[in-house]
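Contents: one structure, followed by commentary.
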Amino acid sequence: MMKSLASVSAVYVIGVPLALIVNIVLARWLPVEEFGQYSFAIAAATFLAVPVSGGLPLLLTREVSTSLLAEDTPAFQRVLTTSLAWVGVASLVVILGVLAFGAYVMPGRSALLTMAALMVPALSLMAVGEGVLKGAGRPALAEAIRQLAVPPILIVAALWLLQGAVAEAGIMLRFNLLAYLFVGLAGLWLVIQVSKFPVRPLLPGGAHLQAWGPALLSFALISGMTTLSTQFATLLLGFLGNDEHVAYLRVAERGALLVAFPLMIMNAIIGPRIVEANRAGRPALQALSRQSARLTLALALPVALILISLGKPLIGLTFGDNYVEGGYLPLVFLSVGQLLGVAFGSPALILMMTGHERRGVTAQATGLSIMMVSVTVLAVLFGADGAAVGIAIGLVMTKLLVVLAVRRNLGFLPGVI
């Protein structure tokens, strides 16, 4: 595990700063309102992709890992063929639905929503490549193609636009679309290159679809709830037309992501190891959970303390003085919430990789409901500050409820204790 952790960590150490640089350049180039609109569109694209690809990375990680352990070539080919077919059909449905919604329900946001919908197929191709590569035991490669390919394209585009282009969100969103499409296709090419099995189309039977359908739905529901837990506030503020507060929240989320990224690294590599530990028995699974949670907390704690104590000068130095007053308190609230979430480890992933994904849905749904109510009330009253508090409350409550679900179904409490 330590070797994989080191490899993925190296990718994140490079990739996270690159992503921050993208946001810093855009925040300084775009007016605050335009940066808020850009952030809203990216959040909308992430949310719209959930019904299409939200469950694919985890399903593919599990199925590909299982097929490799069993040396079952047809199983690998069937799940890959089915995933790509699903992406094509479901993406078309989402795009048509968004076009109708934008035209008849929210014409004021129609252009942003349309651009977000067009990103869905590309994001879904990225998800397929990510899931297959992780299931094949190549988590560092899976993360590298996403973390290290998209940001440089956007940085080059932003620097080129700085030479005199009109500072509009729509221009940068087009470059986002091109970057996602390139990375999605590159990921599929890598799957072909590194796959142990020949990549050929093979249609599944009805029994396979019946087995994958409920799992994909459960994974998608959990992924969707996870996405909503971080994107709901941005979407709410964006639909309310409060673009400045969307921008403040975006800045805070970028900073708080530094607290969460040790856990993101761990989640990127630990899926196949949870499958192996579960086969070995509960003691091995519990030991893996405790070891991974303690390691990620040790890495996240110093980052959180730095952001809380030096947040204002850091925001001013990076994103600009326009974001200091509006972005600092949300940064503090989100950093605390992320730190508490790291301490609980990866309980949802443990449930998914051990075949108990349905057990996590109720816990996730309850936590999401708490978050949505908190964000709706607090964001309307206090803008980005209230939205950040609501997100933190929802994150902690969701993690706590999923931890209890692990205790009921697997007999131990995941996390640092």
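The values are calculated or read from the model by the stated rules, or taken from the named source; none is laboratory data. Quick caveat, the model's predicted, so the values are computed rather than measured. FYI the Cβ positions are ideal-geometry reconstructions off the backbone, even for glycines, and counts take in every protein chain you see.
Figures for the structure shown
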read-out: Search result, residues across region 308-323 that are under 26 Å from the mean Cα position of the chain (by Cα), among the aliphatic types (A, V, I, L, M) and over 17 Å from Ile21 (Cβ atoms); value: Ile308
read-out: Helices (runs of 4 or more DSSP H) wholly inside region 54-147 containing at least 3 residues that are of a type in the set (Ser, Thr, Tyr); value: 56-70, 73-104
read-out: Hits in region 137-185 (condition: among the small types (Gly, Ala, Ser) and either within 30 Å of Val275 (Cβ to Cβ) or out of contact with any Leu (no Cβ under 7 Å at 6 or more places or on another chain) (or both)); value: Gly137, Ala140, Ala142, Ala144, Ala149, Ala157, Gly164, Ala165, Gly170, Gly184
read-out: Some residue of region 88-102 being farther than 24 Å from Phe40 by Cα and either crowded, with 18+ Cβ neighbours inside 10 Å or not small (Gly, Ala, Ser) (or both); value: yes
read-out: Residues that are among the aromatic types (Phe, Trp, Tyr) and assigned to a helix (DSSP H, G or I), drawn from region 324-344; value: Tyr328, Phe333
read-out: Region 292-327, subset surrounded by 20 or more Cβ atoms within 10 Å (Cβ to Cβ) and not aliphatic (A, V, I, L, M), residue modelled with the lowest pLDDT; value: Ser292
read-out: Flag if Gly360 is touching a residue at least 12 places away in the same chain (Cβ under 8 Å), farther than 30 Å from His245 by Cα and not in a helix (DSSP H, G or I); value: no
read-out: Test: residue in region 342-359 that is buried (at least 24 other Cβ atoms within 10 Å of the Cβ), of a type in the set (Gly, Ala, Ser) and either modelled with pLDDT of 90 or more or over 18 Å from the mean Cα position of the chain (by Cα) (or both); value: no
read-out: Gly55 vs. criteria closer than 30 Å to Gly327 by Cβ, in contact with a helix residue (DSSP H, G or I) (Cβ under 6 Å, 6 or more places away or on another chain) and of a type outside the set (Ser, Thr, Tyr); value: no
read-out: Flag for Gly108 being surrounded by 22 or more Cβ atoms within 10 Å (Cβ to Cβ) and of a type outside the set (A, V, I, L, M); value: no
read-out: Pairs with Cβ under 9 Å, 6+ apart, first in region 271-283 and farther than 16 Å from Gly135 by Cβ, second of a type in the set (Phe, Trp, Tyr) and surrounded by 13 or more Cβ atoms within 10 Å (Cβ to Cβ); value: Arg282/Phe412; Pro283/Phe412
read-out: Residue match in region 127-144 (condition: of a type outside the set (Val, Ile, Thr), surrounded by 22 or more Cβ atoms within 10 Å (Cβ to Cβ) and farther than 16 Å from Val191 by Cα); value: no
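Okay, residues lined up against (1) at pLDDT 90 or above; (2) under 24 Å from Leu133 (Cβ atoms); (3) of a type in the set (Asp, Glu):
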{"site": "Leu5", "(1), (2), (3)": "no, yes, no"}
{"site": "Val11", "(1), (2), (3)": "no, yes, no"}
{"site": "Leu20", "(1), (2), (3)": "no, no, no"}
{"site": "Leu48", "(1), (2), (3)": "yes, yes, no"}
{"site": "Ser53", "(1), (2), (3)": "no, yes, no"}
